[in-house]
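*Asks:* Sharing a structure with you now.
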C-alpha cells in the first residue's frame, strides 16, 4: 500500500509539472470607438453606423493597429466585430464582380484570407458562395455562413437585395511573445459594374479587444 501511494504521488507530481497553466490573462487593448479614439491606429477613420460608432468604412484599403510595451506572454487573443456591408459577392459572379477578399495580418503573417458573400440565391437557386470560415480559394460555404446577424441595415443598400449588412464575430488565438504587436486588416474587392465603389460594398469593425496570455 505504501508503494502504491508513493507511485500515485509521483505520477501526480509529474503530471502537474508537465501541464501548462494560464498564469496571466491581461487585456492590453480595447476600443469601441464611441469616444473617437484612434490612438495607435493609422489609416483610421470613424463613422456612425446603426446608432453606434465603427472603425471604417473601408473599400480597397484598411487600417493598422500597433500596440507597444506588452507584458511577458506566450499567446495573444484578438477579437472584434466585423461588419460586411452591401453587395459582397464571395468568389464572384460571372467573373465580373469578385472575388471579394478580406484579410487579417499580424506581424506580417497572414492569419485570415477569406471571402464573404451577401448575395441572395438567383432564379436557378444558385447562391454565390463564400470562403468564410475557411480561407480562399475554398468557396464551398453558403452566403453569410458563420455570421451572428444577417439582416442589419446596409451602409447604402437595403437588406433583401444584394445588400444589407452581415455581422461576424472574429476571434484568433496566436502564438506570440514579442513586446509589440501590429494588427492589419485589409480588403481586395473587385467591382466592375458600379460608379461608387465604397457604396457598392465596404466593411467596418467595432469592439476590438486584444488580450495576452502567459503560460
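*Asks:* Can you name the number of the only condition in (1) under 30 Å from residue 178 (Cβ atoms); (2) touching a helix residue (DSSP H, G or I) at 6+ places or on another chain (Cβ under 7 Å) that residue 59 fails?
*Replies:* Unmet for residue 59, out of (1) under 30 Å from residue 178 (Cβ atoms); (2) touching a helix residue (DSSP H, G or I) at 6+ places or on another chain (Cβ under 7 Å): (1).
*Asks:* Separate question: What tally of residues in the stretch 34-52 results from selecting those that are part of a strand (DSSP E or B), touching a residue at least 40 places away in the same chain (Cβ under 8 Å) and over 21 Å from residue 102 (Cα atoms)? Working first, answer last.
*Replies:* Step one: filter the stretch 34-52 for residues part of a strand (DSSP E or B), giving 41-42, 46-49, 52.
Subsequent filtering for residues that are touching a residue at least 40 places away in the same chain (Cβ under 8 Å) retains 47, 49, 52.
Then keep just the ones that are over 21 Å from residue 102 (Cα atoms); that gives 52.
The number of residues fulfilling the criteria is 1.
*Asks:* Could you check the stretch 60-109 and list, in sequence order, the residues that are at pLDDT below 95 and assigned to a loop (DSSP other than H, G, I, E, B)? If you could, list the steps in order and put the result at the bottom.
*Replies:* Going through the stretch 60-109, the residues at pLDDT below 95 turn out to be 60, 86-100.
Within the stretch 60-109, 60, 87, 88, 90, 91, 92, 94, 95, 96, 98, 99, 100 meet the criteria.
*Asks:* Which of the residues spanning the stretch 24-36 are at pLDDT 95 or above and either loosely packed, with under 14 Cβ neighbours inside 10 Å or within 15 Å of residue 85 (Cα to Cα) (or both)?
*Replies:* 26, 27, 30, 34, 35, 36
*Asks:* Within the stretch 50-67, can one find any residue that is over 24 Å from residue 109 (Cβ atoms), within 15 Å of the chain's Cα centre (by Cα) and crowded, with 21+ Cβ neighbours inside 10 Å?
*Replies:* Looking for residues that are over 24 Å from residue 109 (Cβ atoms), within 15 Å of the chain's Cα centre (by Cα) and crowded, with 21+ Cβ neighbours inside 10 Å, one finds at least one in the stretch 50-67, hence yes.
*Asks:* May I pose another question? Could you tell me whether any residue of the stretch 149-162 is surrounded by fewer than 13 Cβ atoms within 10 Å (Cβ to Cβ), at negative phi and at pLDDT 90 or above?
*Replies:* no
*Asks:* Let me ask you something else. Can you tell me how many residues in the stretch 176-215 are more than 19 Å from residue 65 (Cβ to Cβ) and either touching a strand residue (DSSP E or B) at 6+ places or on another chain (Cβ under 8 Å) or part of a helix (DSSP H, G or I) (or both)? Quick ask: steps written out before the conclusion?
*Replies:* To start, the set of residues in the stretch 176-215 that are more than 19 Å from residue 65 (Cβ to Cβ) comprises 188-201, 214-215.
Next, from what is left, pick out any that are either touching a strand residue (DSSP E or B) at 6+ places or on another chain (Cβ under 8 Å) or part of a helix (DSSP H, G or I) (or both): 188-193, 197-201, 214-215.
Going through the stretch 176-215 one residue at a time, the tally reaches 13.
*Asks:* Looking at 194, 180, 166, 171 in this structure, which one is surrounded by fewer than 17 Cβ atoms within 10 Å (Cβ to Cβ) and farther than 25 Å from residue 73 by Cα? Working first, answer last.
*Replies:* Numbers: 180 fails: farther than 25 Å from residue 73 by Cα; 166 fails: surrounded by fewer than 17 Cβ atoms within 10 Å (Cβ to Cβ); 171 fails: farther than 25 Å from residue 73 by Cα.
The unique qualifying residue is 194.
The values are calculated or read from the model by the stated rules, or taken from the named source; none is laboratory data. Quick caveat, the model's predicted, so the values are computed rather than measured. Note that each Cβ is placed from the backbone with ideal geometry, even for glycine, and that neighbours are counted across all protein chains shown.
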